[in-house]
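The values are calculated or read from the model by the stated rules, or taken from the named source; none is laboratory data. Because the structure is predicted, anything quoted here is derived from the model rather than measured. When we count neighbours, we look across all protein chains shown, and the Cβ atoms used for this are built from the backbone with ideal geometry, even at glycine.
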Amino acid sequence: MENTKIVINSKVNKKYASDLVVYCIGQKTKDKPHITKLQSEVLKKACDLGDFKGEENDVLLAYDQDNETETAGKRTIFIGVGKINKSIGDEELQEKMRIAGGNIAAFATKVKASKICVVPCEMPSKSALHTAVYGLTEGILLGDYSFKKYKTEKKGKERHKGIRELRIIAEENLQSLRRAITLAKTAAFSVCQARDMANEPGNSWTSESFARLAEELAEKYQLKCTVFDKKQLIKMQMGGILAVNKGSDIPPKLVVLEYHFSKKAKTLLLVGKGLTFDSGGISIKPAAGMEDMKYDMCGGAAVMAAMNVVGIEKPECNVIAIVPATDNMSGGAALKPGDVISHYNKITSEIINTDAEGRIILADALAYGIEKYTPDYVIDLATLTGAVIVGLGHHHTGLLCNDDKLADRLILAGKKCGEPLWRLPLGPDYKKQIDSKVADIKNTGGKAAGTITAAEYLHAFVGETPWAHLDIAGTAWGFTEKSYIPGGGPSGICVRTLVEFIRML
């Protein structure tokens with residue numbers, strides 16, 4: 001996908017041959033598609049028979065075309081996008097086109113098309129076309145994703161390598177549309193990068209892998225990378241990270257990646273949970289479904305992937321990324337329920353449940369990052385609690401925040417990306433649930449309001465700094481079924497939300 005060539009033309013050359021020609025079809029009114037002179041008699045007949053209405057997810061395949069667009073395609077499909085009119089909002093339009101793009105990618109995979117040509121439907125304005133092309137490009141690239149690294153190719157059965165060339169046809173505003181395509185490709189590639197990290201098994205993607213990726217990004221984009229190893233973490237008194245790592249044979253890392261624009265610019269601190277495998281420790285998880293715990297590092301993956309976009313786009317703000325990386329195992333020296341640990345900022349914590357480990361490693365990273373960089377905003381991402389799935393299902397990411405303006409910006413960014421956030425409350429009543437009789441705090445507050453009490457644990461380490469916590473446990477995998485999201489696999493959630501937020505800054 002990274003190497004997919006994307007071209008936009010006002011007209012396709014007669015010599016251009018594609019495996020698949022795609023027409024996006026909007027609706028004038030319910031059950032009535034908007035058909036232009038470029039579309040064939042095949043489509044008109046299908047519409048007359050009621051076989052194609054132009055609704056979202058409608059797909060019509062045709063082989064016999066009159067070729068009025070001068071495209072030499074082996075096959076043609078018509079993709080419905082739903083109703084498009086002047087009153088449609090940018091967010092809704094972009095999501096419609098992302099869904100259409102995902103459907104296009106799915107069909108391209110089905111017929112093993114590597115070169116495709118796409119004609120967007122007519123738009124009510126130039127700005128709407130810009131929005132539509134951005135969403136369409138993003139949807140196609142996100143939908144084209146697959147992870148087959150560990151699949152053995154069968155002899156005589158050629159594997160589809162994905163879309164290698166995408167050609168988009170638009171008659172005007174080409175320079176602006178090229179910019180939209182570039183931005184969409186950068187964001188989509190970074191999402192797929194996060195998906196790749198999450199799909200790696202726990203015996204492949206470790207704390208060292210996060211460190212290595214950060215070093216590669218630093219070299220590629222002239223960023224500053226610092227990796228703290230176990231000896232340094234002991235010296236720094238990173239009690240949370242060290243405690244979670246006690247049962248593991250693989251040493252922990254604290255990975256820091258810095259992009260600096262200027263001293264006067266706003267500084268954003270991103271912290272991502274890098275728990276490369278979570279057995280639950282002594283409070284061991286049930287065996288059923290434990291294989292999915294390789295996904296417990298999706299917060300760290302999102303942060304690293306967002307830094308890829310930062311490196312490419314060079315935003316006018318400073319961005320610091322920190323990933324505390326380890327696994328959570330139950331070796332002989334492992335952390336035990338009832339143990340008391342001391343965090344980086346000297347706050348002591350009674351461990352009630354060793355499976356509530358994410359907040360323990362994030363707390364050290366947050367305290368260190370805020371002390372070191374005095375950021376204007378802090379956002380942490382973590383697959384933190386099963387409770388967020390009980391409350392929000394797999395459709396919204398949980399948002400907990402101590403600053404209304406920051407929360408509003410993040411909600412807007414998520415809405416633009418089709419990655420909705422739902423804000424949950426914080427407050428002293430919830431904080432009381434994590435009061436400990438033997439330490440300053442305890443790492444769980446009981447079953448009630450589990451997502452909120454987990455956030456309150458983190459809240460104790462951020463002070464007055466504007467901070468937002470994104471609990472992605474319900475959306476990092478198994479996210480709402482969409483054409484451009486892999487079914488059941490890692491979604492790459494919140495990479496695009498972070499990117500949009502940074503672009504807004």
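Here are a few things to note about the model shown:
- Number of positions in the range 319-349 that are in a strand (DSSP E or B) and of a type in the set (A, V, I, L, M): 8
- The selection criterion, being within 18 Å of ASP296 (Cβ to Cβ), assigned by TED's automatic domain parsing to the domain that holds GLU313 and buried (at least 16 other Cβ atoms within 10 Å of the Cβ), does not hold for VAL227.
- Only one entry in ALA449, ALA455 is touching a strand residue (DSSP E or B) at 6+ places or on another chain (Cβ under 7 Å) and either more than 17 Å from PHE479 (Cβ to Cβ) or surrounded by 17 or more Cβ atoms within 10 Å (Cβ to Cβ) (or both), namely ALA455.
- Yes/no for LYS15 being modelled with pLDDT of 90 or more, assigned by TED's automatic domain parsing to the domain that holds CYS121 and not small (Gly, Ala, Ser): no
- Any hit, the range 236-253, residues being of a type in the set (A, V, I, L, M), under 23 Å from the mean Cα position of the chain (by Cα) and crowded, with 24+ Cβ neighbours inside 10 Å: no
- Among (1) under 17 Å from ALA367 (Cα atoms); (2) among the polar types (S, T, N, Q); (3) surrounded by 24 or more Cβ atoms within 10 Å (Cβ to Cβ); (4) out of contact with any strand residue (DSSP E or B) (no Cβ under 6 Å at 6 or more places or on another chain), the one test that THR354 misses: (1)
- Consider the range 153-210 and keep the residues that are within 28 Å of GLY289 (Cα to Cα) and either among the hydroxyl-bearing types (Ser, Thr, Tyr) or modelled with pLDDT under 95 (or both). The one that is nearest to the chain's Cα centre (by Cα) is SER190.
- For the range 172-216, filtered to residues that are touching a strand residue (DSSP E or B) at 6+ places or on another chain (Cβ under 7 Å) and of a type in the set (A, V, I, L, M, F, W, C), the residue that is nearest to PRO486 (Cα to Cα) is ALA198.
- Residues satisfying the stated conditions in the range 411-436, i.e. surrounded by fewer than 17 Cβ atoms within 10 Å (Cβ to Cβ) and touching a residue at least 60 places away in the same chain (Cβ under 8 Å): LEU412, SER436
- Within the range 173-280, strands (runs of 3 or more DSSP E) holding 1 or more residues that are more than 28 Å from GLU371 (Cα to Cα), in contact (Cβ under 8 Å) with a residue 12 or more places away in the chain and of a type outside the set (Asp, Glu): 274-278
- In the range 358-390, of all residues being of a type in the set (D, E, K, R) and buried (at least 21 other Cβ atoms within 10 Å of the Cβ), the one that is farthest from GLY450 (Cα to Cα) corresponds to ASP364.
- Of the residues making up the range 401-444, those that are of a type outside the set (Gly, Ala, Ser) and within 18 Å of the chain's Cα centre (by Cα) are ARG409, LEU410, ILE411, LEU412, LYS415, LYS416, CYS417, GLU419, PRO420, LEU421, TRP422.
- For LEU174: the one exception among (1) touching a Ser or Thr at 6+ places or on another chain (Cβ under 9 Å); (2) within 21 Å of LYS96 (Cβ to Cβ); (3) of a type in the set (A, V, I, L, M, F, W, C): (2)
- Test for GLY139: is it crowded, with 19+ Cβ neighbours inside 10 Å and farther than 13 Å from VAL22 by Cβ: no
- Under the condition of being part of a loop (DSSP other than H, G, I, E, B) and in contact with a helix residue (DSSP H, G or I) (Cβ under 7 Å, 6 or more places away or on another chain), the residues counted in the range 376-394 number 3.
- The single residue among ALA460, ALA407, ALA413 that is under 18 Å from ALA356 (Cβ atoms) and either modelled with pLDDT of 95 or more or of a type in the set (S, T, N, Q) (or both) turns out to be ALA460.
- In the range 201-214, of all residues being crowded, with 21+ Cβ neighbours inside 10 Å and not small (Gly, Ala, Ser), the one that is farthest from CYS417 (Cα to Cα) corresponds to THR206.
- Meets criteria (in contact with a His (Cβ under 7 Å, 6 or more places away or on another chain) and hydroxyl-bearing (Ser, Thr, Tyr)) for THR109: yes
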